[in-house]
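K.L.:
What follows is a single structure, and I will ask about it in a moment.
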Amino acid sequence: LTATELAAVRADFPLLTRTVRDGKPLIYLDSAATSQKPECVIDAEQDFYLRRNAAVHRGAHALAEEATEAYEQARAAVATLVGADTDEIVWTKNATEGINLLAYAFSNASLGRGQAAAERYRLGPGDEIVVTEAEHHANLVPWQELCARTGATLRWLGVTDEGRIDLDTLDVITERTRVVAFTHVSNVTGAISPVRDIVAAARAYGALVVLDACQSVPHLPVDLHGLGVDFAVFSGHKMLGPTGIGALYGRRELLEALPPFGTGGSMVEVVTMTETTFAAPPQRFEAGTQMVAQTVGLHAAADYLSELGMDAVAAHEAELTAHLLSGIAQVDGVQVLGPTDPVERVGVVAFTVEGVHPHDVGQLLDDAGVAVRVGHHCAQPLHRRLGAPSSARASVGVHTTTGDLDTFCDALGRVRDFFVGR
Ligand code: PMP
């Protein structure tokens, strides 16, 4: 982005004009946790309630028709952004719900309550699910629980000392593997996963591939068809959209065979007192009244990102990532978790400061108006693997400037003086 374009982007985010801690300009470096929202997203959601609010599908009145149209147009916009077909996008409340939906759909097949087509999802003892040591708990715990329900076994790909998925451990994927679930981009190290190698290994044994695209969709051009994954999840609130809306992508024929998770209204065809036939996807997975206003907000976010162009977003953030890593490298006693080569990662940078607890790091930065995340970032196994119980994490967004990062690095430079007295 040129300086003028970046200034225009910043002007789109009302929250960035506020101050914190006695008048300090807010430097928001916590986009990996949740992104700030451009005004068009806030307006779109408000406009829906002001002018078009109605329950979607099967309404006989004009408003219901308009609301349904808005709901389905949002699906189409999001599908286009991520390289999917419209009916391959299922609305969920967030990525976590998308993974749980899948994991429970597998359970339902295993309980023998699915259609015949659902056989391919049946799991039991002897079957294996493969994840990685780099996963957010959202892409780990649901699979642990699925194993507990079905008797399947959980295995995982390792992580190198540099925080990359260790391709030397790919032989964990075998003829017993039924599902391989892994993150596209780590929410701790920012490392971009070797998707093609992992997909090829899974394909060799006919295993289904589930991609956690939470940290890639907001920052990189993502083409789900091109990546060749079977399922993917992402969250609206991390990609400039509202909270309460996310998506599960599934290849059409796979969604058609997948048993439902939530059941009730809106997901059925014919219901008798004893039996029910289910609607086709994506409706089969959208039981009950849906988060329509949030889909409309997410539509505006997808349009906003598309208009900037995901290549331009990625290029801007790549510059920021390089600037951030080199700035941190100038500060004594700071250890970055994950690859130090900016080419291998996005602008999510977790780090530890020698002799200072991450909460103290976060507090000193906060005093300077800089918002970062501290803790284990819902990735305890990865922190354990990298030898850090917790860390602080700075993450950029499309509105971040190199000036923001310089303020952050200046404040980081004062941390050890303040707490260690050097
Ligand atoms: N996976 C990754 C990689 C994430 O960064 C996050 C959010 N921190 C999640 C999954 C879960 O997203 P949500 O809380 O929106 O469901």
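The values are calculated or read from the model by the stated rules, or taken from the named source; none is laboratory data. Model, not experiment: these values are computed from the prediction. For neighbour counting, all protein chains shown are included, and Cβ atoms are generated from backbone atoms with ideal geometry for every residue, glycine included. Each accessible area value is taken on the protein alone, full model and side chains, heavy atoms only, with ligands, DNA and RNA left out. Shrake-Rupley method; radii C 1.70, N 1.55, O 1.52, S 1.80 Å.
K.L.:
Set Lys and Arg Cβ to +1 and Asp and Glu Cβ to -1, take the dipole of the chain about its Cα centre, and tell me which of Y28, I192, V90 lies farthest positive.
P.N.:
V90
K.L.:
Among V292, P259, F231, which residue has its Cα furthest toward the positive end of the charge dipole of the stretch 228-338, with +1 on Lys/Arg Cβ and -1 on Asp/Glu Cβ?
P.N.:
The residue sitting most towards the positive pole is P259.
K.L.:
For K24, which lysines qualify as cross-link partners when the Cα separation must be under 24 Å and same-chain residues fewer than eight apart are set aside?
P.N.:
The qualifying lysines are K37.
K.L.:
Let me ask something else. Take each of the peptides 408-417, 345-354, average the number of other beta-carbon atoms within 10 Å over its residues, and list them starting from the highest.
P.N.:
345-354, 408-417
K.L.:
After finding the eigenvalues of the alpha carbon gyration tensor for the stretch 62-171, what semi-axes result from the square roots of 5 times each, listed largest first in whole Å?
P.N.:
Values for the stretch 62-171, descending: 32, 21, 12 Å.
K.L.:
Of I328, H377, G347, which is farthest towards the positive pole of the stretch 297-422's charge dipole, taken about the Cα centre with +1 and -1 on the beta-carbons of Lys, Arg and Asp, Glu respectively?
P.N.:
H377
K.L.:
Measuring from label point to label point, each 7 Å out along Cα→Cβ, what is the Y205 to R414 span in nm?
P.N.:
Taking the two extended label points, one gets 5.3 nm.
K.L.:
Then there's this: Pull out a ≥ b ≥ c, the square roots of the eigenvalues of the alpha-carbon gyration tensor of the stretch 346-422, then state rounded if a/c is under 1.5, prolate if not and a/b is larger than b/c, and oblate in the remaining case. Don't skip to the answer; put the middle values down first.
P.N.:
Values: a/c = 2.16, a/b = 1.12, b/c = 1.94.
It comes out oblate by the Cα gyration axes.
K.L.:
Is the stretch 272-407 rounded, prolate or oblate when judged by the Cα gyration tensor, a ≥ b ≥ c being the square roots of its eigenvalues, rounded requiring a/c under 1.5 and prolate requiring a/b larger than b/c?
P.N.:
Verdict is prolate for the stretch 272-407.
K.L.:
Under the definition of Cα pairs under 8 Å and six or more residues apart, what whole-number percent is the relative contact order of the stretch 263-422?
P.N.:
Details: 180 pairs, mean separation 32.7, N = 160.
Relative contact order for the stretch 263-422 comes out at 20 percent.
K.L.:
Let me see the pair-distance distribution of the stretch 130-176: every alpha carbon pair, 5 Å bin width, integer percents in order.
P.N.:
Distribution as computed: 5, 21, 26, 22, 17, 6, 1 percent.
K.L.:
Also, quick follow-up: Under the 0.36 nm per residue contour assumption, what length would be gained going from the current alpha-carbon distance of T277 and K24 to full extension?
P.N.:
85.3 nm
K.L.:
Determine the per residue accessible area of the chain with all protein chains present and a 1.4 angstrom probe, expressed in square angstrom.
P.N.:
With all protein chains present, the chain gives 41 Å² per residue.
K.L.:
Further question: Counting only protein heavy atoms, what percent of the accessible surface of the stretch 152-281 is carbon or sulfur at a 1.4 Å probe? Before the final figure, lay out each step's value.
P.N.:
On the way: 2550 of 4820 Å².
Here carbon and sulfur together make up 53 percent of the probe-accessible area.
K.L.:
Here's something else I'd like to know. Quick one: work out Rg over Rh on the C-alpha atoms of the chain, Rh as Kirkwood radius.
P.N.:
With Rh from the inverse mean 1/r over Cα pairs, Rg/Rh is 0.99.
K.L.:
In the stretch 318-409, carbon and sulfur make up what percent of the accessible area (probe 1.4 Å)?
P.N.:
Here carbon and sulfur together make up 48 percent of the probe-accessible area.
K.L.:
Gap in Å between the Cα centre of the stretch 242-299 and the Cα centre of the stretch 90-125?
P.N.:
13 Å
K.L.:
Mind checking the dipole of the stretch 222-352: about its Cα centre, +1 per Lys or Arg Cβ, -1 per Asp or Glu Cβ, Debye to the nearest 20?
P.N.:
Here the stretch 222-352 has a charge dipole of around 300 debye.
K.L.:
Give, in nm to one decimal, the length gained when the segment between A148 and V270 is fully stretched (0.36 nm per residue of separation minus the Cα-Cα distance).
P.N.:
40.6 nm
K.L.:
Which order do peptides 76-85, 92-101, 46-55 fall in by mean Cβ count within 10 Å, highest first?
P.N.:
Working: 76-85: 20.1, 92-101: 23.5, 46-55: 15.3.
Taking the mean over residues of other Cβ atoms within 10 Å, the ranking is 92-101, 76-85, 46-55.
K.L.:
With the full set of protein chains in place, find how many percent of the accessible area of the stretch 70-112 is carbon and sulfur; take the probe as 1.4 Å.
P.N.:
48 percent
K.L.:
Report the calculated FRET efficiency for D166 and A62 (r = Cβ-Cβ distance, R0 = 60 Å), to the nearest 0.05.
P.N.:
E(calc), rounded to 0.05, equals 0.55.
K.L.:
Compare the peptides 314-323, 146-155 by average per-residue count of other Cβ atoms within 10 angstrom and give them in order, highest first.
P.N.:
314-323, 146-155
K.L.:
Still on this structure, please answer the following. In debye, nearest 20: dipole of the stretch 135-271 around its Cα centre with unit charges on the Cβ of K, R (+) and D, E (-)? The partial results should precede the final answer.
P.N.:
Values: 10 positive and 15 negative charges, 47 e Å.
Roughly 220 debye for the stretch 135-271.
K.L.:
Quick one: of the DSSP bridges fully inside the stretch 175-332, what percent are antiparallel, nearest 5?
P.N.:
Roughly 50 percent of the DSSP beta bridges within the stretch 175-332 come out antiparallel.
K.L.:
Run a plain Debye calculation on the stretch 183-314 (Cα atoms as equal point scatterers, no solvent) and give log10 I(q)/I(0) at q = 0.17, 0.23 Å⁻¹, rounded to two decimals, same order as the q list.
P.N.:
-1.03, -1.37
K.L.:
Explain nothing, just the number: dipole magnitude of the chain about its Cα centre with +1 on each Lys and Arg Cβ and -1 on each Asp and Glu Cβ, in debye rounded to the nearest 20.
P.N.:
900 debye
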